[in-house]
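These notes are about the structure you will find just below.
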Amino acid sequence: RAYAVVDMASTSDLILRGKRGAMLTDGRSVAVIQDEVTLEREAEVVWHFWTKAEVKLNASGRVATLKKDGKTLACRISGIGSPVRFEAKSIEDSGMTCLEVRANGKEKLRVAFVCRLLAEGESAASRVYEVVPMSRWSEL
């Protein structure tokens, strides 16, 4: 596995402490983008992902399946409870789709977006990463 962690505290006045980590795990076949933030006060936190792939969401909205050029990528929201879900919005005249995730953050928030390229016929349902604090990534 390989990973990097950056400090995000200076990106907003509402963030007292914040880290974003990116990790390749499971033989580098799984990509994890994980945020851990401590907020000054309750606030809405929003993530955006843009893609030219065809997007389908599962019934809960917690798994987005992206298809392009015969390949399928499954992206799962982990580490944060419902009602957090992906919302897919087509960007007019661009061929792009914006995947948006909104969460009401209390004091502390930890969320991971876990992406894995699927083999033909493989289901997006399987979990491939259990969220752990980034401070423990070196132990995995």
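Values for this structure:
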quantity: Tensor-based shape of the chain (alpha-carbon gyration tensor, a/c under 1.5 rounded, otherwise prolate or oblate); calculated: oblate
quantity: Relative contact order for the range 68-133, counting Cα pairs under 8 Å that sit 6 or more residues apart, in percent; calculated: 42
quantity: Nitroxide proxy distance, nm - points 7 Å out along Cα→Cβ at S82 and A4; calculated: 3.7
quantity: Label-point separation in nm, A22 to R110, each point 7 Å along Cα→Cβ; calculated: 2.2
quantity: Fully extended contour minus Cα-Cα distance, from K71 to N58, at 0.36 nm per residue; calculated: 2.9 nm
quantity: Lysine pairs with alpha-carbon atoms under 26 Å apart, the chain, spacing 8 or more or separate chains; calculated: 13
quantity: Extension gain from E139 to E120, taking 0.36 nm per residue of separation minus the Cα-Cα distance; calculated: 3.7 nm
quantity: ³J(HN,Hα), Karplus 6.51/-1.76/1.60, whole Hz, each residue of the range 116-122, x for Gly, Pro; calculated: 9, 6, 8, 6, 4, x, 6
quantity: Å² of accessible area per residue within the chain, as computed with a 1.4 Å probe and no ligands counted; calculated: 61
quantity: The range 14-140 - percent relative contact order, Cα under 8 Å, separation 6 or more; calculated: 29
quantity: Of all accessible heavy-atom area on the range 8-140, the percent that carbon and sulfur account for (1.4 Å); calculated: 48
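The values are calculated or read from the model by the stated rules, or taken from the named source; none is laboratory data. What you see is a predicted model, and the numbers here were worked out from it, not measured in a lab. Neighbour counts are summed over all protein chains in view; Cβ atoms, including those assigned to glycine, are modelled from backbone coordinates with ideal geometry. With ligands, DNA and RNA removed, areas are computed over all heavy atoms of the protein, side chains included. Shrake-Rupley method; radii C 1.70, N 1.55, O 1.52, S 1.80 Å.
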